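Peer 1: Before anything else, here's the structure in question.
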């Protein structure tokens, strides 16, 4: 009995340790459409590492790109920008990096892994997200500081939290959030579940959440404009195709997809 | 090579596979050790936010362990010794958090104790707010750690049998006296290791806390949440704090196993 008990206990310990930290990353692989057409000079496969907030738009852009350039295949991987930089510097096979802020792109450039210079392709500003009924009757940024209002923000260590701090200073309103989350998704989760009265997230996040939250724009938001840069990764094996995909993102058609999702133009 | 007298029945190839399994567990920890920025180690782990997170983790884990003992001992007794309809079903449910992804546990807790949850509205009327409080952290930790205590203790209760209890009862001891004087002392090692496992699991709890309790320094941001956040800006700090967490876990588990090994099977004093 002692041996079995010990084994069970050992298993439980390892389960406890394994469960102690979990990181999440999601990837989407799309199948190749059609075969290479003789007219198109570019072909092959590329992998795009994009910030989580770009998920909907980049899935659309990749689909459009594959239709326009038969014989190409775009694989997408979405995660937090800093996770993606870590993965690329650790040797993950990425051809393109689309970051949610310039800081993480600079990190990649510092590691000598950016081909040429990065192109800014979109901007995003903060917006107040409230549950559909707006239970705390929020109508301005100053309302967030009213007593009893449960506000959730991003922690200052992550880009959306840094933007929150800037806006607080610009508006002259100091917030005392009940929680400082490490990602926009977690902030949004607290709002959609009704736990929080309000959260500060990006306009594109409010738009993507549909009718699960209501967005309240505020004038101070333009004091913290977040810029999204995109670049070919230095270690890419198909730089021609990567450049073509970036051109697609920065084209008028690409801009329209991004603007429809709430992003601004740089 | 270790030579032991007699046949111990382990083919040599088993050792090879066991070594691979062992490496799989040890290698990642060794790799992390290599990444630690040793000159900065002490400043990194003694920063204000790190100490706040470590202190909160230790306090909440201790509270969760106490709660696990209070709720888990009766549960284990009922599961091991009781006889009632739905006993198997109850056991399955008690063990569920072991296999449930913690995020799912967090969501389930949210729908129970959250503001819009099953009990949340009544609790709010009673003036109790659990969301975004340290109580939410303890609740999340207890939810994921309770099965560890119940499993350990139920096993101990079953293997101990109930002969001594039967004798005590024939000598006129009431059930509560038997429980206090005979049963609990008999299964104390099992209870202790169960409590240690619960503590270790509480210490490592991440997903349910993040989903259910939120993350605010000193209130709900435990060590695993602090590591997750630090990783965004300062990989060195994240690695240093991870090492602290591993060290505490190893110390806690090592302590209990060291004691267990040295203790002989329990003798019941007449």
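Peer 1: Is it the case that residue B:197 is in contact (Cβ under 8 Å) with a residue 40 or more places away in the chain, surrounded by fewer than 24 Cβ atoms within 10 Å (Cβ to Cβ) and within 7 Å of chain A (Cβ to nearest Cβ)?
Peer 2: Against the criterion (in contact (Cβ under 8 Å) with a residue 40 or more places away in the chain, surrounded by fewer than 24 Cβ atoms within 10 Å (Cβ to Cβ) and within 7 Å of chain A (Cβ to nearest Cβ)), residue B:197 does not qualify.
Peer 1: Taking the condition within 10 Å of chain A (Cβ to nearest Cβ) and in a loop (DSSP other than H, G, I, E, B), does residue B:155 pass?
Peer 2: No.
Peer 1: Among the residues of the range A:163-182, how many are in contact (Cβ under 8 Å) with a residue 12 or more places away in the chain and either under 20 Å from residue B:214 (Cα atoms) or not in a helix (DSSP H, G or I) (or both)?
Peer 2: 12
Peer 1: Sort out which residues of the range A:52-87 are part of a helix (DSSP H, G or I) and within 14 Å of chain B (Cβ to nearest Cβ), and write them in order of number.
Peer 2: If the condition is that a residue be part of a helix (DSSP H, G or I) and within 14 Å of chain B (Cβ to nearest Cβ), then A:52, A:81, A:82, A:83, A:84, A:85, A:86, A:87 are the ones that fit.
Peer 1: Another question about this same structure. For the structure I just gave you, tell me whether residue B:56 is within 29 Å of the chain's Cα centre (by Cα) and away from chain A (no Cβ under 13 Å).
Peer 2: Yes.
Peer 1: Within the group A:129, A:100, A:122, A:111, which residue is farther than 23 Å from residue B:215 by Cα, touching a helix residue (DSSP H, G or I) at 6+ places or on another chain (Cβ under 7 Å) and in contact (Cβ under 8 Å) with a residue 60 or more places away in the chain?
Peer 2: A:122
Let's see how each residue does on (1) without any contact (Cβ under 8 Å) to a residue 24 or more places away in the chain; (2) touching a helix residue (DSSP H, G or I) at 6+ places or on another chain (Cβ under 6 Å); (3) more than 12 Å from residue A:134 (Cα to Cα); (4) within 14 Å of chain B (Cβ to nearest Cβ):
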residue	(1), (2), (3), (4)
A:185	no, no, yes, yes
A:203	no, no, yes, no
A:215	no, yes, no, no
A:224	no, yes, yes, no
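Peer 1: Taking only the range A:187-201 into account, find how many residues are facing chain B (nearest Cβ under 7 Å) and part of a loop (DSSP other than H, G, I, E, B).
Peer 2: Here the count works out to 3.
Peer 1: Condition first: in contact with a helix residue (DSSP H, G or I) (Cβ under 7 Å, 6 or more places away or on another chain), outside any helix (DSSP H, G or I) and over 22 Å from residue B:183 (Cα atoms). Can you find one or more residues in the range B:77-99 that meet it?
Peer 2: no
A short reminder: the numbers here are calculations on the coordinates, not readings from a lab. Here the structure is a predicted model, which is why all the values come from computation and not from measurement. Every residue, glycine as well, gets a Cβ built from its backbone with ideal geometry; the counts of neighbours run over all protein chains shown.
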